[in-house]
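Below is one structure; the comments refer to it alone.
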Amino acid sequence: MSDVPWPQPVASWTAGQPVTVGFQADGAAHGGGHCQFAISYDNGKTAAIVHKVMEHCFFNDPLDSNTAEVLEYTFMLPANVPASSNAQFIWIWTNAVGYRELYTGIADITITNSGGSNSYTGKSAIYPNHAGYDTIPAFNGDYTTGLSLYDNAPNVTITSSGYIAEQLSNQKPIS
């Protein structure tokens, strides 16, 4: 029996190669916000950021709109993410406009790496506006709102069997 909820991964990615993540056009974009893209090897318990889009996720510029302009992000998967047939890709979005919400999605993926890397170190994924975590207030036109929370996230080192070490952060509400 597998620890993952789906019998087959939804994608196969290669370390050091570009990956494209797409979104459906019918979702509410809430004026954009901050998006994190992360990899996990322990079913989402520990996740390291591999790409982020701060301030204007789903948009090219500040726009107080519910209709997204950008529905795909292509980024380079770091060359040193470990290979695994049981990895997870996690997307985390903090909206700019509206109720203080957190949107997230997780997908089972496989990662190949011909370089043989055993670990990857990156910023730990954070979950603002989720119960028990820091709250990022509505941006009210200031798209730098909450950026310090992401900048100050601790580093985490993940391996194909989980994680090595994570420094716990003392996340506090942003005023």
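The values are calculated or read from the model by the stated rules, or taken from the named source; none is laboratory data. For clarity, every value in this text was computed on a predicted model and none was experimentally measured. Ideal geometry is used to build each Cβ from the backbone, glycine not excepted, and the neighbour counts take in all protein chains shown. Note: areas computed on protein heavy atoms with side chains; ligands, DNA, RNA excluded. Shrake-Rupley method; radii C 1.70, N 1.55, O 1.52, S 1.80 Å.
Results, tabulated for the structure shown:
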{"quantity": "Carbon plus sulfur fraction of accessible area for the chain, probe 1.4 Å, in percent", "calculated": "51"}
{"quantity": "Relative contact order [Cα under 8 Å, 6+ residues apart], region 59-158, whole percent", "calculated": "26"}
{"quantity": "In order through region 117-134: 3J(HN,Hα) via Karplus (6.51 cos²θ - 1.76 cosθ + 1.60), integer Hz, x for Gly, Pro", "calculated": "5, 9, 7, 9, 10, x, 5, 5, 4, 10, 10, x, 6, 9, 3, x, 10, 4"}
{"quantity": "Residue 101-residue 131 pseudo-label distance in nm [points 7 Å out on the Cα-to-Cβ vector]", "calculated": "1.8"}
{"quantity": "log₁₀ of I(q)/I(0) at q = 0.10, 0.13, 0.17, 0.19 Å⁻¹ - the chain, Debye sum with one point per alpha carbon", "calculated": "-0.38, -0.65, -1.07, -1.27"}
{"quantity": "Charge tally in the Cβ shell below 14 Å around residue 140, where Lys, Arg are +1 and Asp, Glu are -1, residue 140 excluded", "calculated": "-2"}
{"quantity": "Ordering of 51-64, 14-27, 31-44 by packing [mean C-beta count within 10 Å, highest first]", "calculated": "31-44, 51-64, 14-27"}
{"quantity": "Area accessible to solvent at residue 145, 1.4 Å probe radius, in Å²", "calculated": "20"}
{"quantity": "Helical contribution to [θ] at 222 nm, DSSP H n ≥ 4, -39,500 (n - 2.57), averaged over the chain, rounded to 500", "calculated": "-500 deg cm²/dmol"}
{"quantity": "Cα-projected label distance for residue 75 with residue 138, points at 7 Å along beta-carbon direction, nm", "calculated": "2.8"}
